[in-house]
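The values are calculated or read from the model by the stated rules, or taken from the named source; none is laboratory data. None of these values were measured; they are calculated from a predicted model. Please note: Cβ atoms are built from the backbone with ideal geometry, for glycine as well, and neighbour counts cover all protein chains shown. All accessible areas refer to the heavy atoms of the entire protein, side chains included, with ligands and DNA or RNA removed. Shrake-Rupley method; radii C 1.70, N 1.55, O 1.52, S 1.80 Å.
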Amino acid sequence: MGRPGRKWPAVLSLLLLWAAAGSSVAGESSRWDEIRAMLFDDRPLADGTAVLELEAPQRALDAALVPVRIRARAGAPPIRTLWLVIDENPAPVAAVFRLDPELARADIETRVRVNSYTPVHAVAEAVDGRLFVVARFVKAAGGCSAPGTRDRGEALARVGRMKIRPLEPVVAGRPVRVKIKIAHPNYTGLQIDQLTRQWIPPDYVTRVRLRLAGRTAVEVESDISISEDPTFLVTLVPPGEVELGVEVEDSSDRRFARSVRLVPEA
Amino acid sequence: MRRGWRRTLLVALLAVSRAVAGAAAAPFTVEEVAPGIWVHRGAVADFAPDNRGDIANLAFVVGTRGVLVVDAGGSAAVGRDWVAAVRGVTDRPIRWLVLTHVHPDHVFGAGTVVAAGARVIVGHARLARAFAERGPVYAASMERLLGPEVFAGSEVPAPTRTVAPGERLRLDLGDRTVEIRGWPVAHTDTDLTVLDQATGTLLAGDLVFLDRLPVVDGSLLGWLRVLDELARLPATRVVPGHGPAVAPWPAALAAERRYLRDLHDAVRGLVREGVSLAEAPARIPPPSGWRLVDPDHGRNVTAAYAELEWEE
Ligand SMILES: [Zn+2]
């Protein structure tokens, strides 16, 4: 048979960044108030339901690989930053996406680990500085954090491989979705290797920079909540035929880069 | 299908472990599927207190030197019934235990089988590593799903003899020899099979599923490659990891191969089309002819998608 429900080890609960001050399951959590205060101080967050769409499964099929998409609705103001927050995860801020509104649109998808039933928040900052928030509740099937799908030697040998693929025809000046998949185990640092009785050290992608013709179109700050083999679907606006460079940094100070040419269809 | 020598043995073991579980579980039975090869059929069900983790097929092979036990059940409670079932058939010593892979429904009775005498524990070269990574997670889930009383005392000792992918280990049981083979990543990254050469019986572990939908927890591409090789093994019958106690070989492989191929083709198509991971499970209709399709089919789609993205 298989997975009896993937789950992060119970030790995780000792390592929460915030004391688990008891959160409700109704979609509002006290943790959110703390996270929000930490990220935004007392800046007002407006209800973003007319501005942002947050797609996430109500119940995850695989808690270690939960697809999440954040996109601006038609008529939304131009957006320069997106935060993806998984309230109940040990490191709740899964990723921050900084966009150059001329080169990228607010339509981002990634895959995350979900530790336990949790609200997921997406916050968008418009270029004029206004903040908008939306939330969904995600039930992870039986919890999370499976060990990686590959053993450590194999996983580390693959680090640096990348897949960069436009998902639709490239047209100059028009948004095109591009998928970037990065081979990396994205170890959380919260798992114990029972053979050696040592913690498996954290080893995860911290930053992904997407450059169009040398200009940063999207910069992703990412963390341990991003799934193994971090994958980002971004929406770029290539001005014409252009080189897309992908630069990756991880917590072990590895740096690697790859590039492809985005060639508009004739 | 029904053979003259095939008998069914009812081992009445209702006292201790059942009293703990409280539920009126089915009696723990074994049947002889080939001369000297006995199988206990696990329930085609998800882990639940009433089945105590008894959801995988288990087998033993009786030789003149002793008994080789293949898999141990999902809890110490099942392991105790399993050992008693062996004892109900033969008084030859239990010498060997083979763990076909890392999954909890196959391994958590292992401590009980070892305590009953199995000195040699055979596992895949990656089993110890895989269990080190997954064991604590599995134990916590099993305790929750089966209940602490049922799960109490469940242990998985490390293998004393490992078998690497591609390696074949022959064990002399006296009047018969079994060949244990290690496989590359397929159902999991720890799959072994046992071939009884005397009777042409393949004890396939979870490389072969019948009735219960196959679960991809290793590599879909790897599993498809392994199936081609598996089909060439000189066997006439198979004991699958899930489903009936025995089935004709290699015909029994057809349904699983079809499901995995269809899954591969459908998921590859969606990845090529640019259909997102989120949408993919709903785009591939659940297959017919299998049990426990939900949610394992959706999980298989998800796992296959993440794997096949590297291919496109
Ligand atoms: Zn299995």
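Return the sequence-ordered ³J(HN,Hα) values of the range A:86-100 in whole Hz as given by the Karplus equation 6.51 cos²θ - 1.76 cosθ + 1.60 applied to θ = phi - 60°, using x for Gly and Pro.
Going residue by residue, I get 10, 3, 8, 6, x, 10, x, 7, 5, 6, 10, 10, 9, 10, 8 Hz, with x marking Gly and Pro.
Output the antiparallel fraction of DSSP beta bridges having both residues in the range B:8-250, as a percent to the nearest 5.
Percent antiparallel among DSSP bridges in the range B:8-250 is about 65.
Which one of B:132, B:122, B:165 is farthest out on the positive end of the charge dipole of the range B:102-174, using unit charges on Cβ (Lys, Arg +1; Asp, Glu -1) and the Cα centre as origin?
Of the options given, the answer is B:165.
As a test of the formula, what do you get for chain B when each DSSP H run with n ≥ 4 contributes -39,500 (n - 2.57) and the sum is divided by the residue count, at 222 nm and rounded to the nearest 500 deg cm²/dmol? Mind showing how you got there, number by number?
Working: 10 runs with 102 residues, N = 312.
So the helix-based figure for chain B works out to -9500 deg cm²/dmol.
Under 11 Å from the Cβ of residue B:111, count the other residues' Cβ atoms, weight Lys and Arg +1, Asp and Glu -1, and hand me the total.
Working: positive: B:80; negative: B:155.
Charge balance near residue B:111 sits at 0.
Of B:112, B:34, B:214, whose Cα points farthest to the positive end of the dipole of the protein assembly as shown (charges on the beta-carbon: +1 Lys, Arg; -1 Asp, Glu; origin at the Cα centre)?
Checking the options against the dipole of the protein assembly as shown, the answer is B:34.
What number, in percent, do you get for the relative contact order of the range A:25-168 if the mean sequence gap of Cα pairs under 8 Å and at least 6 apart is divided by its residue count? Please list the in-between numbers first.
Values: 281 pairs, mean separation 41.6, N = 144.
Computed value for the range A:25-168: 29 percent relative contact order.
After finding the eigenvalues of the alpha carbon gyration tensor for the protein assembly as shown, what semi-axes result from the square roots of 5 times each, listed largest first in whole Å?
On the way: eigenvalues 462, 128, 77 Å².
Ellipsoid half-lengths, sorted descending, are 48, 25, 20 Å.
Take every Cα pair under 8 Å in the range B:8-250 that's 6+ residues apart, average their separations, divide by the length, and report that relative contact order as a whole percent. Kindly include the intermediate steps, with their values, before the conclusion.
Values: 606 pairs, mean separation 41.7, N = 243.
The value is 17 percent.
Under a plain spin-label model, where a point goes 7 Å from the Cα along Cα-to-Cβ, how far apart in nm are residue A:49 and residue B:152?
Distance between label points: 5.1 nm.
For residue B:197, what residues show an amide H to amide H distance below 5 Å, using hydrogens built from the backbone and excluding near sequence neighbours?
Counting only residues 5 or more places away or on other chains, the set is B:177, B:179.
Amide H of residue B:53 versus every other amide H placed in the peptide plane: which residues, excluding those fewer than 5 positions away on the same chain, fall under 5 Å?
Here the answer is B:48, since their amide H atoms fall under 5 Å of that of residue B:53.
Using θ = phi - 60° and the Karplus relation 6.51 cos²θ - 1.76 cosθ + 1.60, list the HN-Hα couplings for the range B:84-95 in order, rounded to whole Hz, with x at every Gly or Pro.
4, 5, 4, 4, x, 9, 8, 9, 5, x, 7, 10
What is the packing order of peptides B:96-103, B:256-263, taking the mean over residues of other C-beta atoms within 10 Å and listing the highest first?
On the way: B:96-103: 28.5, B:256-263: 17.5.
Ranked from most to least packed, the peptides come out as B:96-103, B:256-263.
Residue A:106: net charge of surrounding residues, Cβ under 9 Å, Lys/Arg +1, Asp/Glu -1, itself excluded? Could the numbers behind the result be given before it?
Working: positive: A:71, A:80, A:105; negative: A:107.
Taking every other residue near residue A:106 into account, the sum is +2.
How big is the antiparallel share of DSSP beta bridges in the range A:25-147, given as a percent to the nearest 5? Please list the in-between numbers first.
On the way: 30 of 35 bridges.
Of the beta bridges lying entirely in the range A:25-147, close to 85 percent run antiparallel.
If you take the charge dipole of the range A:87-191 about its Cα centre, with +1 on Lys and Arg Cβ and -1 on Asp and Glu Cβ, which of A:187, A:124, A:106 is farthest toward its positive end?
Going by the Cα projections, it comes out as A:187.
Debye calculation, C-alpha points only, no solvent: report log10 I(q)/I(0) for chain B at q = 0.10 Å⁻¹, in the same order as the q values.
-0.53
Per residue of B:268-274, count partner chain C-beta atoms within 10 Å of its C-beta, then hand back the mean as an integer.
Working: counts 0, 0, 0, 3, 2, 1, 7.
Mean partner shielding for this stretch: 2.
Share of the protein assembly as shown's accessible area from carbon and sulfur, percent, 1.4 Å? Provide the component values of the computation, followed by the final result.
Numbers: 11210 of 21780 Å².
Carbon and sulfur: 51 percent of the exposed surface of the protein assembly as shown.
Can you give the net charge of the other residues whose Cβ lies under 10 Å from the Cβ of residue B:93, counting K and R as +1 and D and E as -1? Working shown, then result.
On the way: positive: B:65, B:92, B:95, B:119; negative: B:91.
Its environment carries a net charge of +3.
So how far apart, in nm, are the two label points at residue A:260 and residue B:232 if each is 7 Å from Cα heading toward Cβ?
The answer from the label model is 3.6 nm.
For the protein assembly as shown, what proportion of DSSP beta bridges, expressed in % and rounded to the nearest 5, is antiparallel? Don't skip to the end; give the middle numbers.
On the way: 105 of 127 bridges.
Among the beta bridges of the protein assembly as shown, antiparallel pairing accounts for roughly 85 percent.
Rounded to the nearest 100 Å², what is the sum over both chains of accessible area buried where A meets B, with a probe of 1.4 Å?
Details: alone 12580 and 12680 Å², together 21780 Å².
That pair hides around 3500 Å² of surface in total.
Using modelled amide H (1.01 Å from N, peptide plane; none on Pro or chain starts), what sits under 5 Å from the amide H of residue A:151, excluding residues fewer than 5 places away?
none
In debye, nearest 20: dipole of the protein assembly as shown around its Cα centre with unit charges on the Cβ of K, R (+) and D, E (-)? Mind dumping the intermediate values first?
Numbers: 71 positive and 70 negative charges, 269 e Å.
In debye, rounded to 20, the protein assembly as shown gives about 1300.
For residue A:157 and residue B:65, what does the FRET efficiency come to when R0 = 41 Å and r is the distance between their Cβ atoms, rounded to the nearest 0.05?
Values: r = 42 Å, r/R0 = 1.03.
The computed FRET efficiency comes out at 0.45.
From the backbone phi of the range A:41-54, what are the Karplus-calculated ³J(HN,Hα) couplings (6.51 cos²θ - 1.76 cosθ + 1.60, θ = phi - 60°) in whole Hz, Gly and Pro given as x?
6, 10, 4, x, 10, 7, 4, x, 4, 7, 10, 10, 10, 10
Using +1 on the beta carbon of Lys and Arg, -1 on that of Asp and Glu, and nothing else charged, what's the dipole of the range B:197-312 about the Cα centre, debye to 20?
Working: 12 positive and 16 negative charges, 90 e Å.
Magnitude of the dipole: close to 440 debye.
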